[in-house]
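Here's the structure, in structure tokens; my notes come after.
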Amino acid sequence: MRKIIFIVLWITVCVSESMAQARVILPDSLQVTPRQAPHDHQHEMEEPFDTVNLVLPAATVWYLHPRSGDRLVAAMDTLKHNYQQTTIPDGYSVAGGYLGPIGSPFISKIFFERDETSHFPFYDAYRPYNKSPEQHLFYNTRVPYANLTYQTAGSRPVKEQRLKALLTTNFGKRLNAGIEGDLISAKGLYRSQENKHNDWSLFGNYLSDKFESHLLASTSTVKQFENGGITDERFILDPESVGENFSTGDIPVKFTNTWNKMKTNH
């Protein structure tokens with residue numbers, strides 16, 4: 001895991017440095033939202049837009065409507081408040097069912113938060129982590145944009161890690177290309193609960209006055225160990241009856257050498 005983190009960091013720094021002298025790319029005027037002047041309550045009409053000192057966004061981000069293909073603008077969240085919620089399973093729904101560690105199968109207990117069943121339903125259980133086309137973000141940037149995050153929790157026996165890396169840049173006003181990686185590793189709180197994710201995406205878009213095109217190519221590999229549940233419910237319902245100190249890793253489970261491996265390509 002340390003070698004992978006070092007390689008991703010090195011590639012990000014090298015590419016960012018090589019593109020640092022790239023010329024400024026102005027986004028399409030149709031994607032620009034002008035900043036309004038402050039409203040003066042003493043006047044009935046608002047002041048006109050300041051077209052001279054117009055502040056252009058550094059990046060425009062959107063995702064595609066799964067049926068019509070329309071571009072739907074997505075706001076970039078840069079606040080630190082509740083940042084930890086972006087990784088833990090509880091951050092995806094106020095009522096979700098999951099196996100405990102990050103990267104494990106997840107389903108919302110609220111029916112209206114669930115998506116339609118896909119053509120490959122086995123991957124639907126990993127919706128918070130998958131790279132389906134309707135969830136992918138596309139970019140139009142004035143300067144090269146890189147985003148690298150690393151989150152970890154727990155001691156070595158139950159350690160959880162997630163590394164996400166994104167690098168995207170424009171080649172002219174119309175063409176954008178980028179690459180994204182998402183690596184998850186979790187040991188789990190119980191025996192035989194480990195899971196690993198290796199997700200990579202290559203994406204791009206071309207926008208002109210008469211033509212729009214989007215490209216997404218992604219590959220995902222998920223390896224999930226299965227334990228089938230615990231064999232003695234007293235460890236959960238009545239731990240004092242066991243008569244000894246124990247941790248979650250000491251609770252006996254049904255399976256100890258069973259796992260699933262799934263690979264998907266979009």
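Among strands (runs of 3 or more DSSP E) entirely within segment 111-215, having at least 2 residues that are under 19 Å from H65 (Cα atoms) and out of contact with any Pro (no Cβ under 9 Å at 6 or more places or on another chain) singles out 138-141, 195-207.
Restricting the search to segment 189-228, which residues are loosely packed, with under 15 Cβ neighbours inside 10 Å and either in contact with a helix residue (DSSP H, G or I) (Cβ under 7 Å, 6 or more places away or on another chain) or not hydroxyl-bearing (S, T, Y) (or both)? Walk me through it before giving the result.
So the first thing to find is which residues in segment 189-228 are loosely packed, with under 15 Cβ neighbours inside 10 Å, and the list is 202, 208-213, 215, 217, 219, 221, 228.
L202, D209, K210, F211, E212, L215, A217, G228 - these are the residues of segment 189-228 that are loosely packed, with under 15 Cβ neighbours inside 10 Å and either in contact with a helix residue (DSSP H, G or I) (Cβ under 7 Å, 6 or more places away or on another chain) or not hydroxyl-bearing (S, T, Y) (or both).
Among the residues of segment 230-244, some residue qualifies, meaning at least one is among the β-branched types (V, I, T), in contact with a helix residue (DSSP H, G or I) (Cβ under 8 Å, 6 or more places away or on another chain) and surrounded by 15 or more Cβ atoms within 10 Å (Cβ to Cβ). For segment 94-123, residues that are within 15 Å of the chain's Cα centre (by Cα) and without any contact (Cβ under 8 Å) to a residue 24 or more places away in the chain total 1. Within segment 75-96, the set of residues being modelled with pLDDT of 80 or more, in contact with a strand residue (DSSP E or B) (Cβ under 6 Å, 6 or more places away or on another chain) and under 15 Å from R127 (Cα atoms) comprises P89, S93, G96.
The values are calculated or read from the model by the stated rules, or taken from the named source; none is laboratory data. Just so it is clear, the structure is predicted and the values come from calculations on it, not from any experiment. Cβ coordinates were reconstructed from backbone atoms using ideal geometry, including for glycine residues, and neighbour counts include every protein chain displayed.
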